[in-house]
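The values are calculated or read from the model by the stated rules, or taken from the named source; none is laboratory data. Source: prediction; values computed, not measured. We place every Cβ from the backbone using ideal geometry, glycine too, and count neighbours over all the protein chains shown.
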Amino acid sequence: MGDRVVLSPYGLGIVRGTCHRDVAGETLTYYEVDFPETGHCAFVPVACPDHAGLRAALTSDQLPALLAILQGKWGTGLALPRQWSARQRRVAEILGQGQPHELATLAGELYRWNAQRALPDLDRHAFKQALSRLEQEVTGLEDETALDVQQFLQNARAALNH
């Protein structure tokens, strides 16, 4: 109980415990996950949390790699298509999966694109979504690297608004 988890598309949640629910005449056990930012609650089957898309939230140990990706120190590795419709499909896939390293790669790539030229509206929206999801996961982590990631995300958001 109290574990920080992520369930895409809800974002960061807190496991409040387990409960039993009757489904098709069978009693199943579920994690009860609260999402403080939205006030929503989700029930995720204990038997297959991965299948439902539930994963542990980022920890402080994982932040140096995330920061390196955001800063472009590991290369982009993304190669977003330049053609609009193909790019939007790929971006939607990344946002839907909600994996932090892919979100960081997307955010880093869009950050660099925005520095070169203003982003089109859909790319701006995707950039904001990626930043928001990363901000949610880093919120509550208080070490030096977490503060560096938070600062990068704030700077990226500020650059987008100029």
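Points to keep in mind about this one:
- Filtered by the rule that a residue be small (G, A, S) and within 20 Å of the chain's Cα centre (by Cα), the stretch 1-37 gives G2, S8, G11, G13.
- All positions within the stretch 31-82 that are over 19 Å from L103 (Cα atoms) and touching a Ser or Thr at 6+ places or on another chain (Cβ under 8 Å): Y31, E32, P45, V46, A47
- Reported count of residues in the stretch 51-66, each being surrounded by 20 or more Cβ atoms within 10 Å (Cβ to Cβ) and more than 21 Å from A107 (Cα to Cα), is 1.
- Within the stretch 144-154, the set of residues being of a type in the set (S, T, N, Q) and either farther than 14 Å from K128 by Cβ or not assigned by TED's automatic domain parsing to the domain that holds Y111 (or both) comprises T145, Q150, Q151.
- Some residue of the stretch 82-95 being of a type in the set (G, A, S) and over 20 Å from P9 (Cβ atoms): yes
- Strands (runs of 3 or more DSSP E) (entirely within the stretch 3-98) containing at least 1 residues that are of a type in the set (D, E): 11-23, 26-35
- Answer residue from the stretch 143-162, given it is more than 18 Å from the chain's Cα centre (by Cα) and of a type outside the set (S, T, N, Q) and is nearest to D3 (Cα to Cα) among those: D143
- The residue that is nearest to A52 (Cα to Cα), among those in the stretch 74-106 that are aliphatic (A, V, I, L, M) and touching a Leu at 6+ places or on another chain (Cβ under 6 Å), is I94.
- Residue match in the stretch 146-158 (condition: surrounded by 16 or more Cβ atoms within 10 Å (Cβ to Cβ) and in a loop (DSSP other than H, G, I, E, B)): no
- Residues satisfying the stated conditions in the stretch 89-136, i.e. touching a residue at least 40 places away in the same chain (Cβ under 8 Å), closer than 12 Å to A159 by Cβ and either surrounded by fewer than 15 Cβ atoms within 10 Å (Cβ to Cβ) or touching a strand residue (DSSP E or B) at 6+ places or on another chain (Cβ under 8 Å) (or both): R112, A115
- Check on L28, among the aliphatic types (A, V, I, L, M) and either surrounded by 16 or more Cβ atoms within 10 Å (Cβ to Cβ) or assigned by TED's automatic domain parsing to the domain that holds L153 (or both): no
- Test: T38 is modelled with pLDDT of 95 or more and not charged (D, E, K, R): no
- Within the set A56, A24, A68, the sole residue that is within 30 Å of Q151 (Cα to Cα), without any contact (Cβ under 8 Å) to a residue 12 or more places away in the chain and of a type in the set (G, A, S) turns out to be A68.
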